[in-house]
Amino acid sequence: MFQSRRHTRHQRQTAYRASLFALLSSAALAQDSKRGFAYIGDTHVPDNHLLTSTNSPLKCLEFIPMVHGIDATKDPQTEVVIKGLPSSSTHLLSFNEPDGSQGSGGSSISPKDAAKAYIDYVVPFREGKSGGGRKWKISHPSTTGSPNGLDWLRRFNESCYDIDSKNGCPADFVAAHWYGNFDGLKSWLGSLDEFYNTNSTRNEKLPIWVTEMALPQQNAQDTVGMMNQTLPYLDKLDYVERYSWFGAFRTDDANEWTGDGVALFDGHGGLTALGALYMGNGFKVGQKGEGVEDAASGLRVSVGLMAALCVWSAVFSLL
């Protein structure tokens, strides 16, 4: 089992975030798909054209922002960026891997501090008091897929009810991360469903979104095998509403912790076997997108959006 610790991923946060912000204009009509990407960590024009092409499961995208950590709640630019997102953005993620260290990309927040920040800062977005009056659907923090993650969530929920005995920390969905094999993913999702739904008194189940998943440090064949098991399972699992693979980048851009076996594009911009499988709909290994390979004419990002380094994000097909 691989736990969700990305020792070098965090060095590429700015590049990944830049590409995601640039895809805001892609949010459009809905389609029936659970599939998305945790990051579009690729500024190559042809790659992004392929991801949003007519036959792609991702041709209609919804941009999902994340309030990464406590620092983000203290920065006024966070709400400015969220408020400025298109109306197609309706969901908000909170606190990236609070049980993990900042060095590995986590936000390193105690359950008690996270509960207070969630109630004070995130819940107002759900109520329409923040974010320009839009009532966002919000998620509890996304922990690592380790025993520490589940323990952190238990203590977080206890702290929520210590602060607000009636409402706790209300949520509309649960975000999950997993880096490891299929059996581990299946077990982790079962644990989250048991914790949030089976053993809960709430009237309706909370859907789970797998906002990051991959099989790191393995060869392409093993990774394809894991994906072949994972995709049909998640597509059929009723309580999983959306899922996303890490990541939509070239092998040359993969970091040391994940390894290049997780990449959906090869070094020349053609789909890897993994990429063709994830895209589906007749996409072929080696297939490239249209457009000129010119970084200067690639995706352009607003300076104002790039300044909001406290906002994390995901891109999903609209349901």
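Identify all residues within region 55-84 that are surrounded by 19 or more Cβ atoms within 10 Å (Cβ to Cβ), of a type in the set (A, V, I, L, M, F, W, C) and farther than 17 Å from Phe37 by Cβ; write none if there are none.
Of everything in region 55-84, those that are surrounded by 19 or more Cβ atoms within 10 Å (Cβ to Cβ), of a type in the set (A, V, I, L, M, F, W, C) and farther than 17 Å from Phe37 by Cβ turn out to be Val67, Ile70, Ala72, Val81, Ile82.
Which one of Pro207, Pro232 is out of contact with any helix residue (DSSP H, G or I) (no Cβ under 8 Å at 6 or more places or on another chain) and more than 27 Å from Asp151 (Cα to Cα)?
When all the criteria are applied, what remains is Pro232.
Among the residues of region 195-206, is there at least one that is of a type in the set (D, E, K, R), assigned to a helix (DSSP H, G or I) and touching a residue at least 24 places away in the same chain (Cβ under 8 Å)? Working first, answer last.
Restricting attention to region 195-206, the residues satisfying the condition of being of a type in the set (D, E, K, R) are 202, 204-205.
Now narrow it down to the ones that are assigned to a helix (DSSP H, G or I): none.
For region 195-206, residues of a type in the set (D, E, K, R), assigned to a helix (DSSP H, G or I) and touching a residue at least 24 places away in the same chain (Cβ under 8 Å): absent.
Among the residues in region 161-174, are any under 20 Å from the mean Cα position of the chain (by Cα), in a loop (DSSP other than H, G, I, E, B) and under 18 Å from Ser107 (Cβ atoms)?
Scanning region 161-174 turns up at least one residue that is under 20 Å from the mean Cα position of the chain (by Cα), in a loop (DSSP other than H, G, I, E, B) and under 18 Å from Ser107 (Cβ atoms).
Can you give me the number of residues within region 242-261 that are within 18 Å of Gly145 (Cα to Cα) and either among the hydrophobic types (A, V, I, L, M, F, W, C) or assigned to a strand (DSSP E or B) (or both)?
6
State all residues of region 225-240 that are part of a helix (DSSP H, G or I), charged (D, E, K, R) and without any contact (Cβ under 8 Å) to a residue 60 or more places away in the chain; if no residue qualifies, say none. So that I can check it myself, show each step before the final result.
Narrowing region 225-240 to residues part of a helix (DSSP H, G or I): 225-236.
Retained after the next criterion (residues that are charged (D, E, K, R)): 235-236.
Listed by number, the list holds a single entry, Lys236.
Condition check ((1) modelled with pLDDT of 95 or more; (2) crowded, with 22+ Cβ neighbours inside 10 Å; (3) of a type outside the set (Asp, Glu)) across all residues:
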{"position": "Asn219", "(1), (2), (3)": "no, no, yes"}
{"position": "Gly225", "(1), (2), (3)": "yes, no, yes"}
{"position": "Phe246", "(1), (2), (3)": "no, yes, yes"}
{"position": "Thr251", "(1), (2), (3)": "no, no, yes"}
{"position": "Asp260", "(1), (2), (3)": "no, no, no"}
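Just to be sure before I move on: is Gly269 of a type outside the set (A, V, I, L, M, F, W, C), touching a residue at least 12 places away in the same chain (Cβ under 8 Å) and not in a helix (DSSP H, G or I) in the structure I sent? I'd like the intermediate steps shown before the answer.
Numbers: of a type outside the set (A, V, I, L, M, F, W, C): yes; touching a residue at least 12 places away in the same chain (Cβ under 8 Å): yes; not in a helix (DSSP H, G or I): yes.
When the stated conditions are applied, Gly269 passes them.
Within region 173-194, how many residues turn out to be in contact with a helix residue (DSSP H, G or I) (Cβ under 7 Å, 6 or more places away or on another chain) and under 19 Å from Ser94 (Cα atoms)?
3
Could you figure out which of (1) surrounded by fewer than 24 Cβ atoms within 10 Å (Cβ to Cβ); (2) not in a loop (DSSP other than H, G, I, E, B) isn't true of Gly132?
(2)
Could you please give the count of residues in region 24-46 that are at pLDDT 85 or above, within 19 Å of the chain's Cα centre (by Cα) and not in a loop (DSSP other than H, G, I, E, B)?
Within region 24-46, residues that are at pLDDT 85 or above, within 19 Å of the chain's Cα centre (by Cα) and not in a loop (DSSP other than H, G, I, E, B) number 1.
For the subset of region 100-128 comprising residues that are in a helix (DSSP H, G or I) and in contact with a strand residue (DSSP E or B) (Cβ under 9 Å, 6 or more places away or on another chain), which member is farthest from Ala72 (Cα to Cα)?
This residue is Arg126.
Restricting the search to region 93-110, which residues are out of contact with any helix residue (DSSP H, G or I) (no Cβ under 9 Å at 6 or more places or on another chain), among the polar types (S, T, N, Q) and within 23 Å of Lys137 (Cβ to Cβ)?
Correct list: Asn96 only.
Give region 79-123 a look and list any residue that's among the β-branched types (Val, Ile, Thr), modelled with pLDDT of 90 or more and in contact with a Cys (Cβ under 9 Å, 6 or more places away or on another chain), or say none.
Ile119, Val122, Val123
Out of (1) surrounded by fewer than 18 Cβ atoms within 10 Å (Cβ to Cβ); (2) in contact with a Ser or Thr (Cβ under 7 Å, 6 or more places away or on another chain), the odd one out for Ala171 is which?
(1)
The values are calculated or read from the model by the stated rules, or taken from the named source; none is laboratory data. Everything numeric here is computed off the predicted structure, so don't read it as measured data. Quick reminder, even Gly has a Cβ in these numbers, built from the backbone with ideal geometry, and neighbours come from all protein chains shown.
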